[in-house]
Amino acid sequence: MAKLYVVATPIGNLGDLTDNMRAAFERCDLIAAEDTRVTMKLLNHLGIKKPLVSCHRHNEGRRAEELVERMLREDLTVCVTSDAGTPAISDPGWAIVSAARAAGIEVSPVVGPSAVTAALSVSGFQSASFAFLGFLPRERAALDEALVNFSKTGIPVFVAYESPHRVVKLLEAVAEKFPQARVLVACDLTKKFERIDAGSAVEVLEALRNNPNVDKGEYVVAAELPPAKEAPEAGKPRDAAAAILEAMLNGASLKDAADAALDGFPRNEVYRAKLRMKEFLASQREDEFD
């Protein structure tokens, strides 16, 4: 019976090869690879010889149809691989999986390393909920819009892939829009020259700008954005200071105005606003006696 294995492969360190990966390659009849040269090196390392066909983003649609027809006709077991990590996750593979499922062919995952989860695991972010955004838009206006729209979803963390030639521009956009965001940028995870920079968006941007080798490697960016601020309701003060001032202009004392502001604003924000107002009022009294 025809079967398709979706085989994740190491993202850099061959020590991450598993017995299940080896077994899948050994039992298959054919391997559909994003780059046959990359997969051939992996097979040589394992001492396995199998026929390979290319299945990359330029031919994936056509190749998927051809392979599925052949799998059904010849009752083949096929492995699909990308250059690194899991196929179909911002890599080729989805078309053959979709075609195989539509044809009733069993599809089974062979799990392995993932740059997404590897980066998140060392980020320190609370990532019970996160979004994988793949590759973000190249154009700055579209990138800014994508970041702002994401911040409104209520999901705290995103992970994205980025090329070495655009990673600085991505961090510039994050630092400008969300300077308080916490960011982790990982380059060449699990490889010999793995590098991980973490901190505020501004700090990580500075680290990238000072890295003479920033334009080399493969990048994963994880960011924890501050929650988007809701627009104030019509007629409602936008912050505690404005609420206190408005109440005092309507005749309330500073204490009563601050107490009332507690109904709509955080206690620490009200406290700071009350102190500023008290200092302002004290300075006005001193001016009267100068």
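The values are calculated or read from the model by the stated rules, or taken from the named source; none is laboratory data. Computed from a prediction, not measured in an experiment: that's the story for all the values here. With ideal geometry, Cβ positions are generated from the backbone for all residues, glycine too; neighbour counts draw on all protein chains shown.
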**Message:** Looking only at the stretch 70-128, how many residues end up being closer than 12 Å to Lys3 by Cβ and aromatic (Phe, Trp, Tyr)?
**Reply:** 0
**Asked** Looking at Phe125, Phe130, Phe193, Phe178, which is the one that is aromatic (Phe, Trp, Tyr) and surrounded by fewer than 15 Cβ atoms within 10 Å (Cβ to Cβ)?
**Response** Phe193
**Residue among Arg267, Arg209 that alone is surrounded by fewer than 15 Cβ atoms within 10 Å (Cβ to Cβ) and either modelled with pLDDT under 85 or farther than 30 Å from Thr117 by Cβ (or both)** = Arg267
**Fill in**
Only unsatisfied item for Ala175, checking (1) more than 23 Å from Pro92 (Cα to Cα); (2) touching a Leu at 6+ places or on another chain (Cβ under 8 Å); (3) without any contact (Cβ under 8 Å) to a residue 24 or more places away in the chain, is (3)
**Item:** strands (runs of 3 or more DSSP E) lying entirely in the stretch 99-195 (those with 1 or more residues that are over 30 Å from Ala24 (Cα atoms), out of contact with any Gly (no Cβ under 6 Å at 6 or more places or on another chain) and in the same structural domain as Asp215 (by TED's automatic domain parsing))
**Value:** 130-135, 157-162, 182-187
**Message:** For the stretch 58-77, check the following and say yes or no: at least one residue is on the phi > 0 side of the Ramachandran plot and either modelled with pLDDT of 95 or more or in the same structural domain as Thr190 (by TED's automatic domain parsing) (or both).
**Reply:** yes
**Prompt:** Which one of these does Ile244 not meet: (1) of a type in the set (Val, Ile, Thr); (2) surrounded by 15 or more Cβ atoms within 10 Å (Cβ to Cβ); (3) over 30 Å from Leu281 (Cβ atoms)?
**Reply:** (3)
**Yes/no for Leu147 being modelled with pLDDT of 95 or more and either buried (at least 20 other Cβ atoms within 10 Å of the Cβ) or hydrophobic (A, V, I, L, M, F, W, C) (or both)** = no
**Fill in**
(1) modelled with pLDDT of 85 or more; (2) more than 30 Å from Phe135 (Cα to Cα); (3) among the charged types (D, E, K, R) all hold for Lys192 apart from (2)
